[in-house]
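One structure is given here, and the rest of the page talks about it.
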Amino acid sequence: MFETQILQPSIENIQLCADMINKGELVGIPTETVYGLAANALDEQAVKKIYIAKGRPQDNPLIVHISDISQIYPLVSEFSPLAEKLAKTFWGGPLTMVLPKSTSLNEVVTGGLDTVAVRLPSHTVACEFITACKVPIAAPSANISGKPSPTTAQHVYNDLNGNIKYILDGGACEVGVESTVISVQDEKIVVLRPGDVTVSQLKTVCEDVSVAKGVTQRLSMDAKVSSPGLKYKHYAPKAKVILIDATYEAFCDYIRQSDKQNVGLMLFDDDDNVFELPTVTYGKRQDTADQRKRLFSALRRLDTLKVDTVYARFNNEDEIGFAVYNRLIRAAGFEVIKLW
Ligand code: TXA
Ligand code: MG
């Protein structure tokens with residue numbers, strides 16, 4: 001086994017990583033949302049390596065990343081005026097659009113679907129890397145399937161050491177949860193995964209914006225879904241996470257009455273920690289942007305607490321909070337205790 005190297009994003013190192021991509025290999029890259037596991041989207045064999053390295057189900061398609069809007073034309077069969085307007089408004093940035101795929105694009109990257117997900121990130125290193133590769137880049141989050149997405153180069157290393165040669169280090173991700181994924185069809189937008197680009201922001205461009213059912217509800221494995229990602233287990237730490245939707249007072253009362261054997265807590269930074277239980281925190285109570293940035297790191301730290309059950313505080317439900325909530329209920333396998 002070889003040791004994966006974490007590289008500073010110098011021009012030389014970006015070129016070194018681009019050369020790996022052009023040889024059909026995988027590289028870990030930073031984006032403003034989470035780190036990605038990159039391959040040449042046009043190289044079927046390279047894309048297959050992504051599914052193997054992550055242990056990802058083959059029907060769960062990948063996002064294709066570009067660094068200039070003009071690169072979208074060979075990827076899609078149609079780029080509607082609405083999609084173009086969305087691109088001009090929100091790219092580079094954390095928005096992924098699901099559009100009709102071009103016939104020339106291989107089916108491995110789209111998981112056999114007739115659509116393709118495309119995103120143009122804002123992170124300078126990501127864009128310089130894609131430009132140096134001179135090909136569109138398929139990149140899912142660079143975690144082992146089912147684990148929280150990585151928001152630092154070290155997280156990628158922890159999951160994929162020995163599987164990839166290089167990780168470009170772009171520091172901690174500014175956004176911290178993955179991009180908003182939308183389908184764009186017939187002048188309508190459906191949100192398939194909430195993220196930093198919110199429903200209200202999307203409504204400034206299109207009146208008809210709705211949220212897919214699986215975003216907040218558990219779907220069965222055989223359900224027909226608008227996005228395969230909706231039906232798979234996500235972000236799961238080793239311990240069982242139980243989300244408590246309550247005031248902090250009611251949360252504390254609930255813990256007081258519970259069995260505290262092998263129990264940990266996931267609190268906000270400014271919650272007064274009255275219990276002597278292993279604890280991680282994930283941002284300030286009223287600051288959903290802070291929670292969003294630190295959520296995945298906190299979920300990963302839960303594994304170091306060596307507990308079987310974690311009671312987690314529920315965040316505020318503003319629009320950024322919705323993206324956090326969406327990840328939390330998945331981490332909790334949709335197990336939420338409501339005490340209102
Ligand atoms: O922020 C992000 O989007 C990160 C960074 C690396 O760009 N990428 C990322 O990729 O989160 P991934 O593979 O972890 O999540 C992609 C999601 C999955 O839920 C997948 O099911 C959905 O997008 N998706 C991809 N192609 C799709 C398609 N054609 N139709 C519907 N959903 C699609
Ligand atoms: Mg992912």
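For the reader, a short list of remarks on this structure follows.
- A search for C-beta distances below 7 Å between a residue of region 29-54 that is under 13 Å from Ile137 (Cα atoms) and of a type in the set (Asp, Glu) and any residue that is at pLDDT 95 or above and more than 9 Å from ligand 1 (Cβ to nearest atom), counting only pairs 6+ apart in sequence or on different chains, returns Asp43/Gly24; Glu44/Asn106; Glu44/Val108.
- Breaking point among (1) open to solvent by 10 Å² or more (accessible area, probe 1.4 Å); (2) touching a strand residue (DSSP E or B) at 6+ places or on another chain (Cβ under 8 Å); (3) within 22 Å of Asp318 (Cβ to Cβ), for Val191: (1)
- Entirely in region 41-140, the strands (runs of 3 or more DSSP E) that have 2 or more residues that are more than 15 Å from ligand 2 (Cβ to nearest atom) and among the hydrophobic types (A, V, I, L, M, F, W, C): 95-100, 115-119
- Residues in region 272-282 that are at pLDDT below 95 and either open to solvent by less than 60 Å² (accessible area, probe 1.4 Å) or closer than 23 Å to Cys173 by Cβ (or both): Phe275 alone.
- Members of region 124-178 found to be among the basic types (Lys, Arg) and within 14 Å of ligand 1 (Cβ to nearest atom), listed by number: Lys147
- Residues (at positive phi and open to solvent by less than 10 Å² (accessible area, probe 1.4 Å)) located in region 154-185: Gly176
- Among the residues making up region 180-218, a single one is within 16 Å of ligand 2 (Cβ to nearest atom), farther than 15 Å from Thr33 by Cβ and not aliphatic (A, V, I, L, M): Gly214.
- Residue selected from region 219-260 under the condition open to solvent by 60 Å² or more (accessible area, probe 1.4 Å) and within 18 Å of the chain's Cα centre (by Cα), by the criterion nearest to ligand 1 (Cβ to nearest atom): Ser226
- Selection of region 1-53 for residues being among the charged types (D, E, K, R) and crowded, with 23+ Cβ neighbours inside 10 Å yields an empty set.
- Qualifying residue in region 54-69 (condition: under 21 Å from Gly112 (Cβ atoms), at pLDDT below 95 and open to solvent by 70 Å² or more (accessible area, probe 1.4 Å)): yes
- Test: Gln201 is open to solvent by 50 Å² or more (accessible area, probe 1.4 Å) and either within 17 Å of the chain's Cα centre (by Cα) or at pLDDT below 95 (or both): no
- Every pair of residues 6+ apart whose Cβ atoms lie under 9 Å, when the first sits in region 169-182 and is under 17 Å from Trp91 (Cβ atoms) while the second is in a loop (DSSP other than H, G, I, E, B) and aliphatic (A, V, I, L, M): Val175/Val34; Glu178/Val34; Ser179/Val34; Ser179/Val197; Thr180/Val197; Ile182/Val197
- From the list Lys233, Lys224, the lone residue that is outside any helix (DSSP H, G or I), within 14 Å of ligand 2 (Cβ to nearest atom), charged (D, E, K, R) and within 21 Å of Pro61 (Cα to Cα) is Lys233.
- Within region 141-153, the residues that satisfy the criterion of being within 16 Å of ligand 2 (Cβ to nearest atom) and open to solvent by less than 10 Å² (accessible area, probe 1.4 Å) are Ala142, Asn143, Pro148, Ser149, Pro150, Thr151.
- Wholly within region 259-315, strands (runs of 3 or more DSSP E) carrying at least 2 residues that are in contact (Cβ under 8 Å) with a residue 60 or more places away in the chain and touching a Lys or Arg at 6+ places or on another chain (Cβ under 9 Å): 309-313
- Selection count, region 316-340, where residues are assigned to a loop (DSSP other than H, G, I, E, B), in contact (Cβ under 8 Å) with a residue 60 or more places away in the chain and open to solvent by 40 Å² or more (accessible area, probe 1.4 Å): 4
- Residue match in region 103-113 (condition: over 14 Å from the mean Cα position of the chain (by Cα), of a type in the set (Ser, Thr, Tyr) and either within 27 Å of Asn13 (Cα to Cα) or open to solvent by less than 10 Å² (accessible area, probe 1.4 Å) (or both)): yes
The values are calculated or read from the model by the stated rules, or taken from the named source; none is laboratory data. Treat the numbers as computed from the prediction; the structure is a model and nothing was measured. Don't worry about glycine lacking a Cβ; one is built from the backbone with ideal geometry, like all the others, and counts go over all protein chains shown. Protein only, heavy atoms only, side chains kept; ligands, DNA and RNA dropped before computing areas. Shrake-Rupley method; radii C 1.70, N 1.55, O 1.52, S 1.80 Å.
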